[in-house]
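The values are calculated or read from the model by the stated rules, or taken from the named source; none is laboratory data. Not measured: the values here are computed from a predicted model. Reconstructed Cβ throughout: ideal geometry from the backbone, glycine too, with neighbour counts over all protein chains shown. Keep in mind that these areas ignore ligands, DNA and RNA; they rest on the heavy atoms of the full protein, side chains included. Shrake-Rupley method; radii C 1.70, N 1.55, O 1.52, S 1.80 Å.
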Amino acid sequence: MPVVNENRSSSEMTSARDKNNSEDEKLANEAVIEVENLSFSYDLGKTNTLRDINLNIPKNKVTAFIGPSGCGKSTLLRCFNRMNDTIATAKITAGSIKIMGSDVSNPRVDPILLRKEIGMVFQKSNPFPKSVYENVAFGLRIGGERNKTAIDEIVEESLKRAALWDEVKDRLKESALSLSGGQQQRLCIARTIAVQPSVILMDEPCSALDPVATTVVEELITTLREDYTVVVVTHNMQQATRVSDSTAFFYLGELIEYDLTSKLFTNPAKKQTEDYISGRFG
Amino acid sequence: MLDLKHTLGDFEDSLRNTRKEVLTMASVAQQNLGSAVTGLLNRNEDLCNDAIAEDEEVNQLERAIDQRGMEILIRFNPVATDLRMVVAAMKISANLERISDQAENVARRARKVLKKDAVQEVNLIGPIYELAANLLKDAVKSFAEDDANLALTLFERDQVLDKLHRKAIKKYTTLMEEDIENLRTYLNLIFIVRCLERVGDHSVNIGEETVYINQGRSIRHIGPSALNDEDED
């Protein structure tokens with residue numbers, strides 16, 4: 001994993017991904033994220049917010065996390081790229097998370113590089129107060145890219161991938177803050193994919209968007225799976241059914257059920273899941 | 001059935017009313033079939049006319065259930081058991097509508113039979129009707145009580161009905177050659193037997209939908225053995 005500074009370069013990682021892309025479908029479905037017996041606490045282990053979570057996130061698939069507020073789905077998402085490191089009392093109390101085989105808790109893992117490999121899109125779009133172009137180029141510049149032609153190409157490609165290019169190609173120098181909410185969210189997705197992550201985490205990416213912008217982002221999510229592994233936290237169960245291949249249902253810090261989305265929403269195995277998704281939750 | 005009520009009262013009411021309408025429709029369809037066959041066996045044309053007239057009520061109920069089902073799908077986006085119930089209710093209502101059509105066909109054929117002299121072999125219809133009516137009754141009961149085990153018994157019982165149906169057709173075909181004067185009557189009785197056999201098939205379909213609601217697994221065109229195969233997988 002490239003997030004361990006001294007071991008592998010970014011280009012090695014890219015070639016490894018290319019190699020994987022040429023593998024058969026079975027390999028394409030291999031787990032990118034492996035969560036084993038994971039427990040997590042926000043208060044140095046006094047209480048576990050997540051308890052004994054086990055799940056594998058398959059490659060090039062969209063996985064949805066659903067569950068009531070406070071069930072731990074966003075917490076788990078933030079464990080994947082160590083966003084919880086910013087909280088002094090937060091810690092993994094048991095188990096492990098492996099991203100492409102490497103333990104993210106390994107002290108040698110650089111969280112900055114980890115977050116480059118595992119990009120994140122938040123509930124509220126958060127473009128930098130810079131131009132549209134500079135927002136997308138930002139990660140590349142931080143990563144040391146100086147070649148303007150290369151940056152131009154990646155900015156254009158990323159904006160195209162984020163289904164935003166046609167709307168902003170003549171406004172690249174304008175402030176990103178002048179874009180609509182939906183456009184800002186897609187700009188944040190473009191910014192994320194510009195640094196070529198393996199995994200994109202999305203924490204309620206459409207909750208602040210109108211229905212049309214939501215549809216555009218949902219369409220984008222389904223196309224992103226061709227090249228990325230996507231994990232999306234959502235409170236909108238129709239959205240989970242529309243965009244995801246697999247769905248995990250969490251309740252009170254535990255993973256209750258994890259299955260193919262089509263199966264989970266038509267014939268869930270657990271009563272708790274059935275009660276929640278059908279709106280019988282007291 | 002789920003113990004907890006849905007958080008949305010409207011949704012809960014719509015689901016409950018859909019079930020209620022399916023059961024009302026089943027009741028009318030059963031009654032129509034009973035009137036048609038009783039009209040034939042007791043040579044009572046009024047009962048046959050009732051079965052023909054009442055088919056319209058079943059048609060209306062089918063339209064109402066379809067409309068309610070579509071409204072539920074649009075308004076509440078049901079999932080899991082709720083989704084299966086709505087989809088299955090719409091399919092069950094289509095089967096009940098076909099059963100009522102079969103009752104109407106029986107009644108129309110029966111009226112033709114009643115216009116001719118009575119033949120003793122009309123009595124072959126009785127046991128076939130008993131089997132078909134029991135299949136239908138239990139199919140409806142399995143849906144009403146969400147009883148997949150009862151629904152699964154329908155497949156074998158329908159095969160007994162099929163056997164009786166073949167036997168009766170053979171008998172009436174022979175009689176058509178032996179008793180040419182009553183040829184038209186035997187021909188009408190063959191059509192009636194076929195209608196009753198179709199009632200058995202539709203009852204099995206209703207049972208399949210009950211299994212789908214209860215277990216989330218489709219056994220259509222495969223039969224109950226599919227459940228065992230899936231369990232082994």
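Extension gain A:Lys271-A:Lys173, at 0.36 nm per residue separation less the Cα-Cα distance, in nm?
Separation in residues times 0.36 nm, less the Cα-Cα distance, equals 30.0 nm.
Give me the percent of accessible area attributable to carbon and sulfur for the range B:4-225, probe 1.4 angstrom. Before the final figure, lay out each step's value.
Details: 4970 of 10380 Å².
C and S atoms contribute 48 percent here.
Would you kindly work out the equivalent ellipsoid of the range B:4-225 from its C-alpha gyration tensor and give its semi-axes, the square roots of five times the eigenvalues, largest first in whole Å?
They are 36, 19, 11 Å, listed from largest to smallest.
Could you calculate the FRET efficiency of B:Arg63 with A:Ser180 from 1/(1 + (r/R0)^6), where r is the beta carbon distance between them and R0 is 35 Å, rounded to 0.05?
0.20
Interface B/A, total buried accessible area with a 1.4 Å probe, nearest 100 Å²?
Buried area between the two chains comes out at roughly 1300 Å².
Using a Förster distance of 51 angstrom, determine the FRET efficiency expected from the C-beta separation of B:Lys112 and B:Leu23, and round it to 0.05.
So, using R0 = 51 Å, E works out to roughly 0.95.
Determine how large the accessible area of A:Leu44 is when every protein chain is in place; take a 1.4 Å probe and give Å² rounded to the nearest 10.
That residue has around 110 Å² of solvent-accessible surface.
Show me the three semi-axes of the equivalent ellipsoid for the range A:128-190, from the C-alpha gyration tensor (sqrt of 5 times each eigenvalue), largest first, rounded to whole Å. Each step should come with its number before you reach the end.
Details: eigenvalues 65, 29, 20 Å².
For the range A:128-190, the semi-axes come out at 18, 12, 10 Å.
Rg and Dmax of chain A, using alpha carbons, in Å: what are they?
18.6, 57
List the equivalent ellipsoid semi-axes of the range B:1-103 in whole Å, largest first, each obtained as the square root of 5λ for an eigenvalue λ of the Cα gyration tensor. Walk me through the numbers before you get to the answer.
On the way: eigenvalues 216, 26, 19 Å².
After diagonalising the Cα gyration tensor, the semi-axes are 33, 11, 10 Å.
Using the structure shown, list the pairs from A:Lys91/A:Lys124; A:Lys270/B:Lys5; B:Lys116/B:Lys167; B:Lys20/B:Lys141 with a Cα-Cα distance above 19 Å, or answer none.
A:Lys91/A:Lys124; B:Lys116/B:Lys167
Can you tell which of B:Val211, B:Val113, B:Val140 shows the greatest fluctuation in a Gaussian network model of chain B with Cα springs below 10 Å?
Sorting by GNM fluctuation, first place goes to B:Val113.
For the protein assembly as shown, report the convex hull volume of the alpha-carbon atoms normalised per residue, in Å³, without decimals.
188
Using only alpha carbon pairs under 8 Å that are at least six residues apart, calculate the relative contact order of chain A and give it in whole percent.
Once normalised by length, the contact order is 24 percent.
Name the residue, out of B:Asp179, B:Asp138, B:Asp146, whose mean-square fluctuation peaks in a Gaussian network model built on chain B with Cα pairs under 10 Å.
Most flexible of the set in this elastic network: B:Asp179.
Any idea what the relative contact order of the range B:4-225 is, in percent, if you count C-alpha pairs under 8 Å spaced at least 6 apart?
This gives 25 percent for the range B:4-225.
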